[in-house]
Structure formats: structure tokens, C-alpha cells
Amino acid sequence: MYDLIYSGGVVKDVIKAKYPEVKIKDASDYIHTERFECEIEDIEEDEFYIFAIREGFAECCFGFILMMRNYPEGSNQKVWDWIAESKALEDSEVANAK
């Protein structure tokens, strides 16, 4: 799984905590001062984007943004599926906590 993430250190730390094997490379430039490349081997985008949704930084992920805009065509359905799965996981955790 590879993505370009437009965010700073807090998001990096959240990703590193969940995926210690992550490869992160600074991708900042004079326009985008807080941007980094994120590469995690053996992780599918489904798992990563559900994690990003639950942690609240999915909108910072360039690949996620493209899919929300339906590029490639039909990909926005995957976004809705990830949101639904994220919500189901949250509901399950709440039910188990009771």
C-alpha cells in the first residue's frame, strides 16, 4: 500500500504506532510543507483506508481523495464500503464494551 499524505507529525505517529514496518519519506516542498510518502508492504488499501477513516485522517490521503472523486471511475463505491465497514467496527466495539 502506498499513498501520499498531506499532514504532519501527529498522523505519522499514528501510522507508525499501528504499522511499525511503515516506510515514511518526507515529500514536502515549498508549497506543501507537511506532506509525506507512506509505504506499507503486505497491507491492502482496504485495511489502511478503514484505519485512516477511523483515526480521522483519510481526507489527508491523496489516493483516498481521488477515489472519493470517483477516479478511477466506480472507485467511490469502495469509499462508501470502507465508511460502512468502519462504522460497523465502531458499533461492534461499542456493543462489546457494554
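Label sites at residue 14 and residue 90, each approximated as a point 7 angstrom past Cα along Cα to Cβ, lie 1.2 nm apart.
Summing Lys and Arg as +1 and Asp and Glu as -1 over all other residues whose Cβ lies under 14 Å from the Cβ of residue 4 gives a net charge of -4.
Of the DSSP H helices in the chain, those that are both long (alpha-carbon extent of 18 Å or more along the helix axis) and hydrophobic (Kyte-Doolittle mean at least -1.0) are 76-97. Take the Kirkwood radius over Cα pairs of segment 2-97, plug it into Stokes-Einstein at 4 °C and 1.567 mPa s, and you get 92 µm²/s for translational diffusion. For residue 16, the lysines whose Cα falls under 28 Å of its own Cα, not counting residues fewer than eight places away in the same chain, are 25, 78, 87. With contributions of -39500 (n - 2.57) from each DSSP H run of at least four residues, the per-residue ellipticity at 222 nm computed over the chain stands at -16000 deg cm²/dmol.
Counting neighbouring beta carbons within 10 Å and listing from fewest to most, the residues 7, 92 come out as 92, 7.
Read-outs: derived from the displayed coordinates by stated rules, not from any lab. Remember, predicted model here, so these are calculated numbers, not experimental data. For neighbour counting, all protein chains shown are included, and Cβ atoms are generated from backbone atoms with ideal geometry for every residue, glycine included.
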